[in-house]
Amino acid sequence: MTTPRELYDLQIIDHRIDGIETERHRVAQRLAAGVNRPDLTDEAERHSARALAIADNVQSRRDEAERLRERLTGLEARLYNSNTSRRDLSAIQREVDSTRYQIGQMDEMILEQEEEQRNHEEAAVSARTEMQDAETQWQDAETQLNTRLTELASEREEVESQRQSLAASLPSDDLQRYERLRRNKGGTAIALVDNGRVCVSCRMTLTTNVMRQLRNKTRQVLCSACGRILYQP
């Protein structure tokens, strides 16, 4: 008959295989999910379009401001021309003051719009950069995930070879019983017994009679509560 220790060693290997498969499934799911990239294309294009519209408006105002400056130059020339009559000086001065005021207002508006344009341009760049950064991070993550899948496949092959060697040395009846228990007991067929005489799997305190039976290391003793094969190291 197979000893509990041999079955426990087999269970350790099976738990390793279970862990490998769980991780492999998780990695495969992450790869299938693909890049977690925020789609900010519309936002970037919206900011870019707004920046271009503002740039056109700024250029129009610059052209208008330039025309006002040309007009101001002409008015000042008339204002300081000795041939200008005194009667016209007052009217020209009013035009000069009004034109200077318009130029000042126009310059302020241009500065405000230039700042707004820069804000939209920066927002568009930021949105595109965020998407590109996410894409780059995903490419790095994808490489790591594929590398991990390869490692897991190699680990699985190695551990599976160990299992086959150990399982081949066990009687078929004991192996079938062990595998049946694993299916029915959530993957754990062999339950450890701690120093407090407790079945680690179900936390049931074992009787003196059961503990006496466990002294025979070749005997398979079942937990009366959970039905697993007990193993006391």
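A short reminder: the numbers here are calculations on the coordinates, not readings from a lab. Just so it is clear, the structure is predicted and the values come from calculations on it, not from any experiment. As a convention, Cβ positions derive from the backbone with ideal geometry for all residues, glycine included, and neighbour counts pool all protein chains shown.
Per-residue 3J(HN,Hα) values for region 152-163, derived from phi via the Karplus relation 6.51 cos²θ - 1.76 cosθ + 1.60 with θ = phi - 60°, read 5, 4, 5, 4, 4, 4, 5, 5, 4, 5, 4, 5 Hz in sequence order (x marks Gly and Pro). Ranking Val96, Val58, Thr150 by Cα position along the charge dipole of region 34-166, where only Lys, Arg, Asp and Glu carry charges on their C-beta atoms, puts Val96 farthest toward the positive end.
Taking Cβ atoms as reference points and 12 Å as the exclusive limit, the residues near Arg78 contribute a net charge of -2, counting Lys and Arg as +1 and Asp and Glu as -1. Around the amide H of Leu222, modelled in the peptide plane, lie the amide H atoms of Leu230, all under 5 Å away and 5 or more residues distant in sequence or on another chain. Comparing Ser126, Ser165, Ser82 in a Gaussian network model of the chain (Cα springs below 10 Å), the most mobile by mean-square fluctuation is Ser82.
Distances between placed amide hydrogens fall under 5 Å for Leu206 paired with Val198, Cys199, all partners being 5 or more residues away or on another chain. Take the Cα of Glu45, go 7 Å toward its beta carbon, and the backbone nitrogen atoms of region 115-143 under 19 Å from that spot belong to 120-132. Couplings for region 68-80, taken from phi via the Karplus curve 6.51 cos²θ - 1.76 cosθ + 1.60 with θ = phi - 60°, read 5, 5, 5, 5, 4, 4, x, 5, 5, 4, 5, 5, 9 Hz in order; Gly and Pro are left as x. Here the Gaussian network model covers the chain, with springs between Cα atoms less than 10 Å apart; of Leu72, Leu152, Leu222, Leu72 fluctuates the most. Cut-off 16 Å, label point 7 angstrom out along Cα-to-Cβ of Ala167: give me the residues of region 8-27 whose amide nitrogen falls inside. Hits in region 8-27 for Ala167 at 16 Å: 8-21.
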